1. Identify, please: which residue in region 67-84 is surrounded by 10 or more Cβ atoms within 10 Å (Cβ to Cβ) and outside any helix (DSSP H, G or I) and is, among those, modelled with the highest pLDDT?
2. Spot the failing condition for LEU15; the list is (1) assigned to a loop (DSSP other than H, G, I, E, B); (2) loosely packed, with under 11 Cβ neighbours inside 10 Å, and only one is missed.
3. Looking only at region 18-32, how many residues end up being loosely packed, with under 10 Cβ neighbours inside 10 Å and either closer than 21 Å to GLY47 by Cα or basic (Lys, Arg) (or both)?
4. Do the conditions hold for ILE45, that is, is it surrounded by 10 or more Cβ atoms within 10 Å (Cβ to Cβ) and outside any helix (DSSP H, G or I)?
5. Going through region 1-55 one residue at a time, which ones are of a type in the set (S, T, N, Q) and either within 30 Å of MET74 (Cβ to Cβ) or in contact with a Cys (Cβ under 7 Å, 6 or more places away or on another chain) (or both)?
6. Would you mind finding the one in LEU67, LEU7 that is within 15 Å of the chain's Cα centre (by Cα) and not charged (D, E, K, R)?
7. Output the residues belonging to region 29-66 that are among the polar types (S, T, N, Q) and either over 16 Å from GLN81 (Cα atoms) or in contact with a Leu (Cβ under 8 Å, 6 or more places away or on another chain) (or both).
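The values are calculated or read from the model by the stated rules, or taken from the named source; none is laboratory data. Everything numeric here is computed off the predicted structure, so don't read it as measured data. Cβ coordinates were reconstructed from backbone atoms using ideal geometry, including for glycine residues, and neighbour counts include every protein chain displayed.
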Amino acid sequence: MDKGAALTAASELGLSPVTLEMQMGEPRVSQAIQTSYEIAKALNITGTPTYIIGNEIIPGAIGIDELRSWIANMRECGEAQCQG
């Protein structure tokens with residue numbers, strides 16, 4: 001993804017691409033990106049998308065039904081995959 005794609009996506013979500021572009025250079029944005037990078041590095045996450053559900057790291061794209069199932073299981077039994 002590049003800057004143009006990010007601004008287009010922001011616009012499609014109803015955000016102001018002008019405001020977003022002005023905020024891109026702010027220190028708080030750079031810090032948020034750096035923090036995300038450091039967390040990913042500490043967890044050995046090297047690609048996107050990656051989902052973290054409870055204590056499970058799920059790398060790669062998964063279908064919405066599978067994602068919903070993992071979340072429901074986490075809520076139900078505290079694990080990504082419930083036993084029984």
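1. Ranking the qualifying residues of region 67-84, first place goes to GLY78.
2. (2)
3. Matching residues across region 18-32 total 1.
4. Working: surrounded by 10 or more Cβ atoms within 10 Å (Cβ to Cβ): yes; outside any helix (DSSP H, G or I): yes.
So ILE45 passes the test.
5. Taking region 1-55 as the starting set, the residues that turn out to be of a type in the set (S, T, N, Q) are 8, 11, 16, 19, 23, 30-31, 34-36, 44, 46, 48, 50, 55.
GLN31, GLN34, THR35, SER36, ASN44, THR46, THR48, THR50, ASN55 - these are the residues of region 1-55 that are of a type in the set (S, T, N, Q) and either within 30 Å of MET74 (Cβ to Cβ) or in contact with a Cys (Cβ under 7 Å, 6 or more places away or on another chain) (or both).
6. Working: LEU7 fails: within 15 Å of the chain's Cα centre (by Cα).
Only one candidate passes the filter, namely LEU67.
7. Taking region 29-66 as the starting set, the residues that turn out to be among the polar types (S, T, N, Q) are 30-31, 34-36, 44, 46, 48, 50, 55.
Across region 29-66, the qualifying residues are SER30, GLN31, GLN34, THR35, SER36, ASN44, THR46, THR48, THR50.
Matching residues to (1) surrounded by 12 or more Cβ atoms within 10 Å (Cβ to Cβ); (2) in a strand (DSSP E or B); (3) among the basic types (Lys, Arg):
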| residue | (1), (2), (3) |
| --- | --- |
| ALA10 | yes, no, no |
| ALA40 | yes, no, no |
| TYR51 | yes, yes, no |
| ASP65 | no, no, no |
